[in-house]
Every structure is written in structure tokens, then in C-alpha cells.
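To start, the structure itself, in C-alpha cells.
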Amino acid sequence: MKLCRLLLFIGLSLSVVLAEAAADLPKNLTTSDQIRALEILGLGTSSKVLDNPYPLGGYTGFEVGLTSEFIPMEDLSKLGSKTSDSGEFNYYTLTLGKGLYYNVDTLFYFTPAIQTQKVQSFGGQVRWGFYEASFFPISFSAMAYAGGANFSNLINVTTLGFDLIATVAIDNVALYFGEGRINAQGTFIGGADGITATKETEKQYVTEAHTLAGLNVNIAKFFVALEIDRYVDSVYSGKLGFRF
């Protein structure tokens, strides 16, 4: 019952806070334009840590959260036929996490259907806490993740990545840092209403290094997390969540 009430509360909150504006996608994208768009949108919408990476706590651990992510649009607006949308692309996702066993957690995220942005994203991650120091409040985790996103039915992306994360936790505050690699594939729709310069549907691939840094603050069973992810560009995100 507690989980149902919490999900209902977050669902009602989303209907109030979600932005009305949708990001415009430039058209007539060349191959190099498509690769740059994939770097911005594909990598930028990949899975984030956005909580204390310390394991949730086996079969009893559960997490639910609301994430807000910001992707700079200035470079995207200069591609192809260009657009006037040079601010930040902001979208929201719901996250559900469950602790399993041997310090293994699974988390899933998706964009709510009521969101007005023309993007749908979804994905998940598996996180394993493999070491905790006895002489210092530091722990290490490994995380594998995969996801996908669709932008206005014109760009479809899939991502796959792996990170190693170090966490320093003191009382109710945790600082975490990570590094890894990420692969992204993008499909750019052609045709009369498409966005490619050739009018043909095309696929592009990128592989990049990924670094991240974040802060998690616990307030009773609630937590607030802020994170910066660096791919080719920097992406900023925040999360309000509840653990029980």
C-alpha cells in the first residue's frame, strides 16, 4: 500500500511539473551531423546513477524516484537546416529499483506517458557492490546499463555501457565518482518527412569515454541526488527518491 500511494503521489506531481515545450529537431542532417546529434541526444539520455551506489539491501531494499535531466541544445540547433531551439532539453523519468542478493541491485527507468516532451526513453541497469573498505568509508561498485530513446519518431537510439564507481559516504551524505565506456547506435529516419539529407534512413554509431560525479543526501527515507555526466558534452541531472 505504501508503494501504491507513493507512485500515485509522484504520478500526480508529474502532471503539474512537466514542461510544455518540446525540443525541435533539425532536418537535412548529413552523416557528420547525424553523428553529432547521436553524441548529444543518444549519449545524453543514457542511464544515470543518481543515488547512493551502496547496495539497496538485499530482498528488503526498494527504491522509487523521479529524475529530471537537462541536455544542452545549442550545438544540436546548429546542425543541418538549423533550428531556433538553443536552450536546454529537459525531460523526466520514473525510476524503480530493487535490491537482490550478494550486493546486486537492478533499476529500471522510463518516461511517463503523460509527459509533453516528444521523447520516450526507457532502460535499466545492474549494479554490484563488490568492495567496502574497513578502515575508511569508501566502497566500490560496477554498473552495466542499457537503454533506448525515441525523439519525435525521427531519431531512435540505443545505448550500452559499463562504469566503475567509487563512493565515499559520511553520515547522510555520499559523494561518488565513476568512469567507463559507452556505445550508442542511432537510426535517423528518411523520407519526405524525415531528417536526413539523403532522404534515406541511416544508422550511425559512436563509442565514447564516460566520466561522472554525483552527490547524494539522505533525509530520513527520502534522498536527493545531483549528478554531472561527461561524454562529448556535459549532461546535468537531479533526482528525488524514496528508499524502503
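For this structure, a couple of remarks:
- Condition met for T187 (polar (S, T, N, Q), surrounded by fewer than 14 Cβ atoms within 10 Å (Cβ to Cβ) and either touching a residue at least 60 places away in the same chain (Cβ under 8 Å) or in a strand (DSSP E or B) (or both)): no
- Among the residues of the stretch 194-244, the one identified as acidic (D, E), outside any strand (DSSP E or B) and either surrounded by 17 or more Cβ atoms within 10 Å (Cβ to Cβ) or touching a residue at least 24 places away in the same chain (Cβ under 8 Å) (or both) is D233.
- Some residue of the stretch 46-60 being within 11 Å of the chain's Cα centre (by Cα), modelled with pLDDT of 95 or more and open to solvent by 10 Å² or more (accessible area, probe 1.4 Å): yes
- Restricting the stretch 62-88 to residues that are over 21 Å from N218 (Cβ atoms) and acidic (D, E), the residue that is least open to solvent (accessible area, probe 1.4 Å): E69
- Taken as a whole, the condition of being in a loop (DSSP other than H, G, I, E, B) and either at pLDDT below 90 or not small (G, A, S) (or both) applies to L25.
- Among the conditions (1) part of a strand (DSSP E or B); (2) open to solvent by 70 Å² or more (accessible area, probe 1.4 Å), the only one that Y102 does not satisfy is (1).
- The condition of being open to solvent by 50 Å² or more (accessible area, probe 1.4 Å), out of contact with any Pro (no Cβ under 6 Å at 6 or more places or on another chain) and at pLDDT 95 or above holds for only one of T158, T116, that being T158.
The values are calculated or read from the model by the stated rules, or taken from the named source; none is laboratory data. If you're wondering where the values come from, they're calculated on a predicted model, not measured in any experiment. Don't worry about glycine lacking a Cβ; one is built from the backbone with ideal geometry, like all the others, and counts go over all protein chains shown. The protein model used for the area step is the full one, side chains on, heavy atoms only, and it has no ligands, DNA or RNA in it. Shrake-Rupley method; radii C 1.70, N 1.55, O 1.52, S 1.80 Å.
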